1. Against the definition (in contact with a helix residue (DSSP H, G or I) (Cβ under 9 Å, 6 or more places away or on another chain) and either closer than 30 Å to LYS124 by Cα or at pLDDT 65 or above (or both)), how does GLU73 come out, yes or no?
2. Out of segment 117-126, which residues are over 16 Å from LYS67 (Cα atoms) and either touching a strand residue (DSSP E or B) at 6+ places or on another chain (Cβ under 7 Å) or among the β-branched types (Val, Ile, Thr) (or both)?
3. Which ones in segment 107-126 are of a type in the set (D, E, K, R) and in a strand (DSSP E or B)?
4. Looking only at segment 116-126, decide whether some residue is at negative phi and of a type in the set (Lys, Arg).
5. State which residue pairs qualify: first residue open to solvent by 60 Å² or more (accessible area, probe 1.4 Å) and inside segment 107-126, second residue assigned to a strand (DSSP E or B) and among the hydroxyl-bearing types (Ser, Thr, Tyr) in any location, beta carbons under 7 Å apart, and separation of 6 or more residues or different chains.
6. Kindly check whether there is at least one residue in segment 87-94 that is more than 18 Å from GLU126 (Cα to Cα) and either at pLDDT 95 or above or under 15 Å from the mean Cα position of the chain (by Cα) (or both).
7. Within segment 29-43, can you find the residues that are modelled with pLDDT of 95 or more and not in a strand (DSSP E or B)?
Amino acid sequence: MKKFKVLSSILVMFLAFFILTGYTDKDRKGSNNTIKVTYTLKQGKKTVATKNTTLKKNDKVITGLKKNWKVEEAKGFITSIDGRKENQKKSIYWTYTVNGKKVNKLANQQTLKNNDKVQFTLDKAE
């Protein structure tokens, strides 16, 4: 009888361990569906805002931008962020980089990865 109690106690402990392990793996899988991205806004050389945001895996640049600021766009081009507007007459436009590299895609086309650093700059076009 004593052996039965010991064996059943061990069995219960193993079952509890596997159940708890299963829940932890499920939580880990869920976290793989999110990424962290840092957004920085600059006006000329001056940094005006920086925000860290959590997005879904494979979200586009525009998604995090709109999550953090009021954004206006025309035909996929960013025309205003947080009230800071481009000025076509003076050739001042919003451009952006990802991890310090210029991107030749619109913000609604560029996919993000975990720990990417996106910088939008409002400045005279080169």
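1. Yes.
2. Answer for segment 117-126, where residues must be over 16 Å from LYS67 (Cα atoms) and either touching a strand residue (DSSP E or B) at 6+ places or on another chain (Cβ under 7 Å) or among the β-branched types (Val, Ile, Thr) (or both): THR121, LEU122, ASP123, LYS124, ALA125.
3. Scanning segment 107-126 gives LYS117, ASP123, LYS124.
4. So the first thing to find is which residues in segment 116-126 are at negative phi, and the list is 116-126.
Then keep just the ones that are of a type in the set (Lys, Arg); that gives 117, 124.
Within segment 116-126, one or more residues are at negative phi and of a type in the set (Lys, Arg).
5. Matching pairs, first to second residue: LYS117/THR38; GLN119/THR40; GLN119/TYR96; GLN119/THR97.
6. Among the residues of segment 87-94, not one is more than 18 Å from GLU126 (Cα to Cα) and either at pLDDT 95 or above or under 15 Å from the mean Cα position of the chain (by Cα) (or both), which makes the answer no.
7. none
Yes/no matrix, rows are residues, columns are (1) under 16 Å from THR40 (Cα atoms); (2) of a type in the set (A, V, I, L, M):
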residue	(1), (2)
LYS67	yes, no
GLN88	no, no
VAL98	yes, yes
THR111	no, no
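The values are calculated or read from the model by the stated rules, or taken from the named source; none is laboratory data. Since this is a predicted model, take the numbers as computed values, not measurements. Every residue, glycine among them, receives a Cβ derived from its backbone with ideal geometry; neighbour counts consider all protein chains shown. Just so you know, the surface numbers come from the protein's heavy atoms only, side chains and all, with ligands and any DNA or RNA stripped out. Shrake-Rupley method; radii C 1.70, N 1.55, O 1.52, S 1.80 Å.
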